[in-house]
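The values are calculated or read from the model by the stated rules, or taken from the named source; none is laboratory data. Here the structure is a predicted model, which is why all the values come from computation and not from measurement. When we count neighbours, we look across all protein chains shown, and the Cβ atoms used for this are built from the backbone with ideal geometry, even at glycine. Surface accessibility is based on the protein's heavy atoms, side chains included, excluding ligands, DNA and RNA. Shrake-Rupley method; radii C 1.70, N 1.55, O 1.52, S 1.80 Å.
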Amino acid sequence: PAPTAASGAIDDPGQRGALVVRDRVVVSIATHAALEVPGVSRHASGLDRVTGRDLPRVQVHVRGTRVRAELDIAVEWPRPLAEVAAAVRSHVIDRLDALSGLQVDVVDVRVPTVTTAHDTDDDVPRRRVQ
């Protein structure tokens, strides 16, 4: 007879179950990875602050063990946009592979916002036009 878990023996690894990585975990990994790249900053303005649609914004599509990701990021001025976007793409692919074990098919990076140092610092008072 085959050994069982009740008898104290370890089952065949193929019989133990499966690892499920939820989409929100993949979003979290990609978001943190993007923020680790120099030149990428958190950014929210106006209504985005209220709705929680700040940058970086990440959408993922996970099918089985494969993932596609779309990121919108804010890049600090005067960083070169193409270089920062390429660095984000590469770093997100590396981190998703290392931390989730998923195969990354595509990472699309868009830069809808360019920020300055004071745009991202909430402690600096903003000037108002009267």
Qualifying residues in the range 12-32 (those that are part of a loop (DSSP other than H, G, I, E, B) and at pLDDT 65 or above) - the one least open to solvent (accessible area, probe 1.4 Å): 21
Those residues that are hydrophobic (A, V, I, L, M, F, W, C) and over 13 Å from the mean Cα position of the chain (by Cα), I need them from the range 54-73; list them, please. 62
Restricted to the range 33-43 and to residues being more than 25 Å from residue 101 (Cβ to Cβ) and touching a Ser or Thr at 6+ places or on another chain (Cβ under 9 Å), the residue most open to solvent (accessible area, probe 1.4 Å) is 42
When every residue in the range 52-75 that is exposed (fewer than 13 other Cβ atoms within 10 Å of the Cβ) and among the charged types (D, E, K, R) is compared, the one farthest from residue 105 (Cα to Cα) is 53
Subset of the range 54-74 [assigned to a strand (DSSP E or B), in contact with a His (Cβ under 8 Å, 6 or more places away or on another chain) and not small (Gly, Ala, Ser)]: 55, 67, 68
Which ones in the range 83-105 are touching a residue at least 40 places away in the same chain (Cβ under 8 Å) and of a type in the set (Gly, Ala, Ser)? 87, 100, 101
Which of the residues spanning the range 46-82 are in contact (Cβ under 8 Å) with a residue 40 or more places away in the chain and either polar (S, T, N, Q) or in contact with a Gly (Cβ under 8 Å, 6 or more places away or on another chain) (or both)? 75, 76, 79
